[in-house]
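> To start, I am sharing the structure in question, which I have written as structure tokens.
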Amino acid sequence: MLQSIDPSLPPPDADARAHSARVRDAIAIAIDEGGGFLPFDRYMQIALYGPGLGYYVAGARKFGAGGDFVTAPEMTALFGTTLGVQIAAILDATPARQIVELGAGSGKLAADLLVMLAARGAPPARYQIIEVSADLRERQRATLGRLAASELPQVKWLSEIPATIAGAVVMNEVLDAIPPHVIARRAGAWFERGVTRRGDQFEWAERPLQDSRLMRLAAARFPAEGDYLSEINPAAEALVELIGRRLAAGAMLIIDYGFPRAEYYHHERSAGTLIGHYRHRVHTDPFLWPGLSDLTTHVDFTAIAEAGERAGLSVAGFTSQASFLLSCGVLERLREVGPTESLGYLREASAVQRLTSPAEMGESFKVLALARGDHSAWPGFAFGDRSHRL
């Protein structure tokens with residue numbers, strides 16, 4: 001049930017509360033149409049992506065100081081320009097030189113990549129963005145519109161995955177926002193978690209798990225004994241497999257927070273990984289102001305690697321974000337910013353520290369590359385490759 005709201009969380013204004021009420025009404029209708037039970041993946045789908053209502057489609061600011069969270073590209077251009085070292089290696093091996101980015105956020109990563117690749121004299125032939133939010137598409141157009149003509153190749157916004165891809169597919173913090181199923185095992189019996197309501201309040205509910213595929217996946221991934229609760233995300237796996245089948249040459253680069261399977265389903269991580277983000281604060285109440293709060297779960301990178309392998313791809317590398325960025329030369333790029341005593345350098349150094357520190361994003365975020373074709377000399381995984389842990 002929605003508990004008393006943490007007083008440390010800043011309250012939404014009247015317009016935002018009214019919007020959240022409309023989202024709650026849509027969810028309540030879905031619960032009633034389902035006989036009083038709405039599977040959690042459907043709840044999260046409406047809360048994040050419901051037409052005209054969901055968190056990612058309704059137009060409120062998501063990224064940066066005025067939003068709910070800060071992604072790596074928003075912190076510093078060094079993230080994108082360093083990632084570009086690996087992207088360049090992929091493009092150099094694929095004559096079509098195509099980049100496809102899913103969920104491009106504000107467009108900052110795309111802009112930084114394009115500037116870096118143009119400076120190398122090796123821009124992509126095409127840059128295609130797949131974005132579900134009309135509001136974010138406009139923000140991306142505005143961001144990219146500030147680039148010089150020499151830095152801007154043919155950029156297109158697509159509504160679906162291209163039929164054929166030859167180049168680099170970039171997914172930065174995409175998979176964590178795909179709604180999962182939440183599965184529980186109690187006293188040896190399997191249950192699916194969902195949402196019900198008591199008046200205008202939402203609360204957790206469970207029903208016996210009827211989907212044989214979900215039961216099979218949970219039985220194979222959960223610890224062998226004891227009560228346990230966690231997520232299974234077939235939709236994220238299906239997306240990666242679909243892209244993999246359409247990737248004729250090149251690679252996917254997937255950057256997100258998560259674990260290999262043995263760590264994801266560790267017996268001590270028995271309550272799942274679901275969290276919310278609201279005004280730069282993390283919370284654990286998925287029913288807090290639906291439509292105003294982001295909801296995410298960590299990524300099972302073993303499952304994602306297996307999805308790529310089903311599509312005929314191979315694991316080209318898996319490592320921490322810190323190891324990846326350091327291998328691609330982020331410290332060398334930082335030294336090019338300016339004098340070490342300058343405010344600009346100190347600001348960039350602070351951002352790099354956040355991106356690479358094990359106590360911040362350096363260890364919690366991972367980078368997975370799934371490739372078709374040769375990947376023997378890729379820079380991002382030259383040191384600290386953890387593919388053996390998948």
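> Kindly provide the set of residues from the stretch 96-119 that are small (G, A, S) and under 19 Å from A148 (Cα atoms), ordered by number.
The answer is S106, G107, A110, A111, A118, A119.
> Please determine, by comparing only the residues of the stretch 145-156 that are surrounded by 15 or more Cβ atoms within 10 Å (Cβ to Cβ) and in contact with a strand residue (DSSP E or B) (Cβ under 6 Å, 6 or more places away or on another chain), which one is nearest to K108 (Cα to Cα).
Residue satisfying both the conditions and the ranking: V155.
> Where in the stretch 185-272 are the strands (runs of 3 or more DSSP E), entirely inside, with at least 1 residues that are free of Cβ contacts under 8 Å to residues at least 40 places away in the same chain and either surrounded by fewer than 16 Cβ atoms within 10 Å (Cβ to Cβ) or hydroxyl-bearing (S, T, Y) (or both)? Even if it seems obvious, please write down each step before you answer.
On the way: elements: 189-198, 201-208, 228-232, 247-259.
Qualifying strands (runs of 3 or more DSSP E): 189-198, 201-208.
> Exactly one condition in (1) out of contact with any strand residue (DSSP E or B) (no Cβ under 8 Å at 6 or more places or on another chain); (2) in contact (Cβ under 8 Å) with a residue 60 or more places away in the chain is false for S293; which is it?
(1)
> State all residues of the stretch 87-119 that are of a type in the set (D, E, K, R) and either within 29 Å of V57 (Cβ to Cβ) or assigned to a helix (DSSP H, G or I) (or both); if no residue qualifies, say none.
D92, E101, K108, D112
> Out of the stretch 273-285, which residues are surrounded by 13 or more Cβ atoms within 10 Å (Cβ to Cβ) and part of a strand (DSSP E or B)?
Step one: of the stretch 273-285, the residues surrounded by 13 or more Cβ atoms within 10 Å (Cβ to Cβ) are 273-281, 283, 285.
Correct list: I275, G276, H277, Y278, R281, H283.
> Would you mind finding the one in L326, L390, L368 that is buried (at least 21 other Cβ atoms within 10 Å of the Cβ), in contact with a Ser or Thr (Cβ under 7 Å, 6 or more places away or on another chain) and either under 27 Å from A249 (Cα atoms) or of a type outside the set (A, V, I, L, M) (or both)? Spell out the reasoning first.
Working: L390 fails: buried (at least 21 other Cβ atoms within 10 Å of the Cβ); L368 fails: in contact with a Ser or Thr (Cβ under 7 Å, 6 or more places away or on another chain).
Result: L326 is the single residue among L326, L390, L368 that is buried (at least 21 other Cβ atoms within 10 Å of the Cβ), in contact with a Ser or Thr (Cβ under 7 Å, 6 or more places away or on another chain) and either under 27 Å from A249 (Cα atoms) or of a type outside the set (A, V, I, L, M) (or both).
> Now a separate question. Would a scan of the stretch 306-317 turn up a residue that is charged (D, E, K, R), in contact with a helix residue (DSSP H, G or I) (Cβ under 6 Å, 6 or more places away or on another chain) and touching a residue at least 12 places away in the same chain (Cβ under 8 Å)?
Restricting attention to the stretch 306-317, the residues satisfying the condition of being charged (D, E, K, R) are 306, 309-310.
Then keep just the ones that are in contact with a helix residue (DSSP H, G or I) (Cβ under 6 Å, 6 or more places away or on another chain); that gives 310.
Checking which are touching a residue at least 12 places away in the same chain (Cβ under 8 Å) leaves us with 310.
For the stretch 306-317, residues charged (D, E, K, R), in contact with a helix residue (DSSP H, G or I) (Cβ under 6 Å, 6 or more places away or on another chain) and touching a residue at least 12 places away in the same chain (Cβ under 8 Å): present.
> So, in the stretch 102-123, of the ones that are surrounded by fewer than 21 Cβ atoms within 10 Å (Cβ to Cβ), aliphatic (A, V, I, L, M) and over 20 Å from W378 (Cβ atoms), which residue ends up nearest to the chain's Cα centre (by Cα)?
The qualifying residue nearest to the chain's Cα centre (by Cα) is V115.
> Could you list all residues from the stretch 120-156 that are farther than 22 Å from M171 by Cβ, in a helix (DSSP H, G or I) and without any contact (Cβ under 8 Å) to a residue 12 or more places away in the chain?
Those that are farther than 22 Å from M171 by Cβ, in a helix (DSSP H, G or I) and without any contact (Cβ under 8 Å) to a residue 12 or more places away in the chain: G145, A149.
Yes or no, residue by residue, for (1) surrounded by 23 or more Cβ atoms within 10 Å (Cβ to Cβ); (2) over 30 Å from P10 (Cβ atoms); (3) among the aromatic types (F, W, Y):
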{"residue": "T71", "(1), (2), (3)": "no, no, no"}
{"residue": "L83", "(1), (2), (3)": "yes, yes, no"}
{"residue": "I90", "(1), (2), (3)": "yes, yes, no"}
{"residue": "V100", "(1), (2), (3)": "yes, yes, no"}
{"residue": "A125", "(1), (2), (3)": "no, yes, no"}
{"residue": "E131", "(1), (2), (3)": "no, no, no"}
{"residue": "D135", "(1), (2), (3)": "no, no, no"}
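> Turning to a different aspect of this structure: In the stretch 325-377, which residue that is charged (D, E, K, R) and either touching a strand residue (DSSP E or B) at 6+ places or on another chain (Cβ under 7 Å) or more than 30 Å from A305 (Cβ to Cβ) (or both) is modelled with the lowest pLDDT?
Looking at residues that are charged (D, E, K, R) and either touching a strand residue (DSSP E or B) at 6+ places or on another chain (Cβ under 7 Å) or more than 30 Å from A305 (Cβ to Cβ) (or both), I get E341.
> Okay, moving on. Being within 20 Å of the chain's Cα centre (by Cα) and surrounded by fewer than 24 Cβ atoms within 10 Å (Cβ to Cβ) is the filter here, so list the residues in the stretch 310-320 that pass it.
Passing the criteria: V315, T319, S320.
> Let me ask you something else. Could you name every one of the helices (runs of 4 or more DSSP H) located completely within the stretch 295-390 that has at least 2 residues being among the hydroxyl-bearing types (S, T, Y)?
Fully inside the stretch 295-390 and qualifying: 321-327, 343-356.
> Follow-up question, since we're still on this one. Got a sec? Which of G36, G52, G59 is at pLDDT 95 or above, on the phi > 0 side of the Ramachandran plot, not hydroxyl-bearing (S, T, Y) and not in a helix (DSSP H, G or I)?
G36
The values are calculated or read from the model by the stated rules, or taken from the named source; none is laboratory data. What you see is a predicted model, and the numbers here were worked out from it, not measured in a lab. Quick reminder, even Gly has a Cβ in these numbers, built from the backbone with ideal geometry, and neighbours come from all protein chains shown.
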